[in-house]
1. Looking only at the range 82-95, count every residue that is open to solvent by less than 60 Å² (accessible area, probe 1.4 Å) and of a type in the set (S, T, N, Q) and tell me the total.
2. Among the numbered criteria (1) assigned to a loop (DSSP other than H, G, I, E, B); (2) among the small types (G, A, S); (3) without any contact (Cβ under 8 Å) to a residue 12 or more places away in the chain, which single criterion is violated by A51?
3. Applying the selection to the range 29-48, what residues are closer than 21 Å to D98 by Cβ and open to solvent by 60 Å² or more (accessible area, probe 1.4 Å)?
4. Out of everything in the range 6-38 that is assigned to a loop (DSSP other than H, G, I, E, B) and touching a residue at least 24 places away in the same chain (Cβ under 8 Å), what residue ends up being nearest to N69 (Cα to Cα)?
5. Say whether the condition of being closer than 21 Å to R12 by Cβ, within 19 Å of the chain's Cα centre (by Cα), open to solvent by 60 Å² or more (accessible area, probe 1.4 Å) and of a type outside the set (S, T, N, Q) is met by at least one residue in the range 68-81.
6. Taking the options Y138, Y149, name whichever one is assigned to a strand (DSSP E or B), surrounded by 14 or more Cβ atoms within 10 Å (Cβ to Cβ) and at pLDDT below 80.
7. Quick one: in the range 49-60, of everything that is under 15 Å from G94 (Cα atoms) and of a type in the set (A, V, I, L, M), which residue is surrounded by the fewest Cβ atoms within 10 Å (Cβ to Cβ)?
Amino acid sequence: NLETGEHYLSPRMLQIVGHAPDATFADRADWVRRFPFHPEDRKKWEAAIAAHFAGREAKFRMDFRIVVNGETRWLAFNFIAGRDAAGRPVRWTGSITDITERKLAADELRESEARFRSLTELSSDWYWEQDEDLRFTYLSSQADSLTGYSGDSSLGKTRWEIANMEPLTCS
């Protein structure tokens with residue numbers, strides 16, 4: 001309750017951010033002061049919250065980092081402010097979700113794809129990927145010199161849609 005300062009923090013949320021499940025805070029300002037923001041994310045948080053409370057953003061949705069016991073974790077914040085007739089925020093409710101594993105998996109996938117692409121660019125052969133409809137989703141740069149067709153112009157097409165393309169064979 002933004003008017004009275006009354007607040008509730010679930011034991012699970014307190015644990016996620018490194019506090020004891022029965023930790024108490026004098027008010028929202030005390031909670032924010034003791035929140036374990038990653039040093040690079042605190043200002044981003046402050047600007048987003050200010051925009052949300054000013055009414056420029058109906059819902060507050062943000063992913064940001066915290067540091068708990070020396071470990072960097074990722075959280076997804078989803079909040080909404082209840083407003084009075086004048087549009088002033090009077091209540092604030094929402095949830096925090098630990099999304100660290102999802103962020104790490106996404107980073108690993110990006111790194112794996114980058115390694116794959118760099119390896120295919122080093123090869124004298126050409127490589128391609130196709131979706132379930134056999135449409136090209138990736139063609140290595142060697143496709144241009146070996147087939148005479150630009151990889152970029154072929155994306156989204158099947159080999160049958162590309163005139164005079166030689167049959168693709170796997171070796």
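1. 1
2. Status for A51: all satisfied but (1).
3. R34, P39, E40, R42, K44
4. Ranking the qualifying residues of the range 6-38, first place goes to G18.
5. Yes, the conditions are met somewhere in the range 68-81.
6. Exactly one residue qualifies, and that residue is Y138.
7. It comes out as A58.
So that you can scan it fast, the table gives a plain yes or no per residue for (1) open to solvent by 50 Å² or more (accessible area, probe 1.4 Å); (2) at pLDDT 90 or above:
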{"site": "T97", "(1), (2)": "yes, yes"}
{"site": "D107", "(1), (2)": "yes, no"}
{"site": "R115", "(1), (2)": "yes, no"}
{"site": "S123", "(1), (2)": "no, no"}
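The values are calculated or read from the model by the stated rules, or taken from the named source; none is laboratory data. Because the structure is predicted, anything quoted here is derived from the model rather than measured. All Cβ positions, glycine included, derive from the backbone under ideal geometry; neighbour counts span all protein chains shown. Note: areas computed on protein heavy atoms with side chains; ligands, DNA, RNA excluded. Shrake-Rupley method; radii C 1.70, N 1.55, O 1.52, S 1.80 Å.
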